[in-house]
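Q: Please read through the structure below; I'll follow up with questions.
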Amino acid sequence: MKHAASAELFILDAPRTKWHDETLWFVRTKRDRAARQLPEWETLRETAAAIKAHTMSRLGDFLEQFEANAKKLGAVVHWAADAEEHNRIVLEILQSHGVKKLVKSKSMLTEECHLNPHLERHGIEVVDSDLGERIVQLAKEPPSHIVLPAIHFKKEDVGALFHKHLGTDAGASDPQYLAEAARGHLRGKFMAADAGLTGVNFAIAETGGFVICTNEGNADLGVSLPKLHIACMGIEKIIPRTADLGVFLRLLARSATGQPITTYSSHFHGPVAGGEMHIVLVDNGRTGILKSDEFRRSLNCIRCGACMNTCPVYRRSGGHSYHATVPGPIGSILSPAQDAAKHDSLPFACSLCGSCTDVCPVKIDLHHQLLTWRKEIADRGLLPRTKVWSMKLASAVLKRPRLYRLAGFFARKIVPHLPRFMIYNRFNAWGKQRELPEFPKESFRQQFKSRKRQ
Ligand code: SF4
């Protein structure tokens, strides 16, 4: 389903749309306050962008350096070319250790690779231990946001879900009560797990260690109790030096939720005593993006979600309307790179307001890249024929002043009197939720003259 059609379904529930919009805007304003508290904010952004540009220019070298150092620390490093290979590697590790129960902390990469259903098909129970992830897992839905996976759920929805699955009181919606119920439920899952799987926020080439940022401490608990730790990371998560880490940690939490830092920034250097650590480095299309001059900078993303929280389209259409693992502005760049035909509508789910570019902590020129994707989609012949012809018509009119004036007359005098079915149909961009504007009685020239007379 295309983005516009899914968004149309989302906005049918007007109160929920308003609540979703306001909730994300609240997070955006928290981000603004946190950023304003640091006089060096813009310098940090510049530095982060420069570090990322340098890293991407020598990505292969840094990955090899990371692999060598991680091995020295006792980790086993695997390379996966795509999602299929990633899933196969993880399954083989788990099967070779006889794992039947796995706890997993938040990892958008494993969502991208559809790891959970793959493992479940092979008889392994997977429990997402991040509270938001657990909520969407119980609801059998994908996350709708990369930082706040269950942001589309109101507390009453969570209460009903927990009543069904965890046996909480019917009608309960107190966040404290629901969080305690989830904590009790997850505690049992942590205790019973045979292995823990995590994502990676930053992997440091010079040490071979990596950092995971959470607010719940679930990644730490998930890998502290069992002896087997699998860490899955996209190859773009690498940074060259430990000294670079502070720049990104200061930017990440402030941009994501307005916190100065995430509650836990946990450092891992090799396996725990008597345990095993496997690190899976995943490409899955990233080297293709790396080759592209236009879209390479999209690999700089540190997955803070700020571009989603600020995006007027995302806030009013919900994450699921993108039908992509990563929604919002950055997802609308990354997803077409994976499959342009499937995600051809996403670069158009954008008002080109540039707000995403303004908030991005690593200064990705998001709205410029979205515009470039529109051109790519057109060049590859993926635009719907109605759009192609309407653009050709608009171009013909805009090039000819007489025709333009005639079209203006038609729009002012004729269109408002046409039957509604001729205006509200699938061939135009008005959509069902918009009304035609009131057209002024006077022409623009008459208005201008009367204003001059005044
Ligand atoms: S593109 Fe920038 S703002 Fe969006 S999630 Fe990535 S780092 Fe954050």
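Q: Within the stretch 135-178, can you find the residues that are open to solvent by 30 Å² or more (accessible area, probe 1.4 Å), assigned to a helix (DSSP H, G or I) and not aromatic (F, W, Y)?
A: Passing the criteria: Q137, K155, E156, D157, A160, H163, K164, H165, L166, P175, Q176.
Q: Just give me the residues in the stretch 300-315 being open to solvent by less than 10 Å² (accessible area, probe 1.4 Å) and more than 9 Å from the ligand (Cβ to nearest atom), in sequence order.
A: Residue satisfying the conditions is Y314 alone.
Q: Same structure again: In this structure, does R400 turn out to be away from the ligand (no atom under 16 Å from the Cβ), open to solvent by 60 Å² or more (accessible area, probe 1.4 Å) and either touching a residue at least 24 places away in the same chain (Cβ under 8 Å) or not assigned by TED's automatic domain parsing to the domain that holds T110 (or both)?
A: Taking the combined requirement at face value, the residue satisfies it.
Q: If you don't mind, there's one more thing I want to ask. Quick test for you: out of A337, A349, A324, pick the one residue that is within 16 Å of the ligand (Cβ to nearest atom) and without any contact (Cβ under 8 Å) to a residue 40 or more places away in the chain.
A: One residue alone meets the criteria, A324.
Q: Which condition breaks for Q95 when tested against (1) under 25 Å from K227 (Cα atoms); (2) buried (at least 17 other Cβ atoms within 10 Å of the Cβ); (3) of a type in the set (S, T, N, Q)?
A: Status for Q95: all satisfied but (2).
Matching residues to (1) touching a Leu at 6+ places or on another chain (Cβ under 8 Å); (2) in a loop (DSSP other than H, G, I, E, B); (3) among the charged types (D, E, K, R):
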site: R254; (1), (2), (3): yes, no, yes
site: Q259; (1), (2), (3): no, yes, no
site: H267; (1), (2), (3): no, no, no
site: A273; (1), (2), (3): no, yes, no
site: I289; (1), (2), (3): yes, no, no
site: E294; (1), (2), (3): no, yes, yes
site: M308; (1), (2), (3): yes, no, no
site: Y314; (1), (2), (3): yes, no, no
site: S321; (1), (2), (3): yes, no, no
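Q: Of all residues being of a type in the set (K, R) and part of a helix (DSSP H, G or I) in the stretch 58-77, which is farthest from the chain's Cα centre (by Cα)? Just the residue, please. It would help to see each step written out before you state the result.
A: So the first thing to find is which residues in the stretch 58-77 are of a type in the set (K, R), and the list is 58, 71-72.
Right, trim to part of a helix (DSSP H, G or I) and you get 71-72.
Values: K71: 31, K72: 34 Å.
Among those residues, the one meeting the criterion is K72.
Q: Further, regarding this structure: How many residues, within the stretch 172-220, are in contact with a His (Cβ under 9 Å, 6 or more places away or on another chain) and free of Cβ contacts under 8 Å to residues at least 12 places away in the same chain?
A: Selection size over the stretch 172-220: 0.
Q: Show the residue pairs that are 6+ apart or on different chains and have beta-carbon atoms under 8 Å apart, the first residue being within the stretch 268-288 and closer than 19 Å to T207 by Cα, the second being polar (S, T, N, Q).
A: Pairs that qualify, where the first residue is closer than 19 Å to T207 by Cα and the partner is polar (S, T, N, Q), are H269/T207; V272/S224.
Q: Continuing with the same structure: Taking the condition of being away from the ligand (no atom under 13 Å from the Cβ) and under 18 Å from G209 (Cα atoms), how many residues in the stretch 248-273 meet it?
A: So the count comes out to 11.
The values are calculated or read from the model by the stated rules, or taken from the named source; none is laboratory data. None of these values were measured; they are calculated from a predicted model. Positions of Cβ are backbone-derived with ideal geometry, glycine not excepted, and every protein chain shown enters the neighbour counts. Ligands, DNA and RNA are excluded from the accessible area calculation, which covers all protein heavy atoms including side chains. Shrake-Rupley method; radii C 1.70, N 1.55, O 1.52, S 1.80 Å.
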